[in-house]
Amino acid sequence: MNSASASVAGAVTFVWLGMVLGISFLEAPLKFRAPGVSVRIGLGIGRLVFRALNRVEAVLAAAVVTAVALGSSPLPVVLLTGLAVVLLAVQLAVVRPVLNRRSDRVLAGEDVPRSRAHLFYVACESAKVLTLIALGSVVLTAA
């Protein structure tokens, strides 16, 4: 992998990782512990924050894919990049719509049970974090 592509892919991967860790594993659970934040308010905030995060993630994923594609990347880099993109795509196309429908109901005042889709989202997010750590590490050693 050429050094310019590796530098870009590595930097963007670790920015992506930092955003996922900061939002999904720090901000999201903490907002529900803040005084005066109800489930409805927390869900409303969370929808806005995750919509923005997912848009930024899509841009970062495209940047990583571009750097990897232009950099004559070794197979492990290509596979890890693909896995990170697939995990994001599953979250956006499969899990988020289910969670959005549930949060629509909660925001409308319905009393709905907890969703297993949320656990699946967290599992995908955890897998994505591990994948991004591996990708960033492999990219830095591939230069």
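Data table
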quantity: Helix-only mean residue ellipticity at 222 nm for the chain, each DSSP H run of n ≥ 4 adding -39500 (n - 2.57), per residue, nearest 500; calculated: -26500 deg cm²/dmol
quantity: Exposure rank, largest accessible area first [GLU110, GLU57; 1.4 Å]; calculated: GLU110, GLU57
quantity: Positive-end residue of VAL37, PHE50, MET1, charge dipole of region 1-122 with Cβ unit charges; calculated: VAL37
quantity: Relative contact order [Cα under 8 Å, 6+ residues apart], region 41-143, whole percent; calculated: 35 percent
quantity: Square roots of 5 times each gyration tensor eigenvalue, C-alpha, region 1-113, largest first, Å; calculated: 34, 15, 9
quantity: Area accessible to solvent at ARG102, 1.4 Å probe radius, in Å²; calculated: 60 Å²
quantity: VAL112 paired with ARG55, simple spin-label distance in nm, labels 7 Å along Cα-to-beta-carbon; calculated: 2.3 nm
quantity: Kyte-Doolittle mean at least -1.0 and Cα axial length at least 18 Å: DSSP H helices in the chain; calculated: 3-22, 39-70, 75-90, 116-142
quantity: Heavy-atom accessible area ranking, 1.4 Å probe, most first, across LYS31, LYS128; calculated: LYS31, LYS128
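The values are calculated or read from the model by the stated rules, or taken from the named source; none is laboratory data. All values derive from a computational prediction rather than experimental measurement. Methodologically, a virtual Cβ is constructed for each residue, glycine included, from the backbone with ideal geometry; neighbour enumeration extends over all protein chains shown. Please note that ligands, DNA and RNA were not included when accessible areas were found on the heavy atoms of the full protein model with its side chains. Shrake-Rupley method; radii C 1.70, N 1.55, O 1.52, S 1.80 Å.
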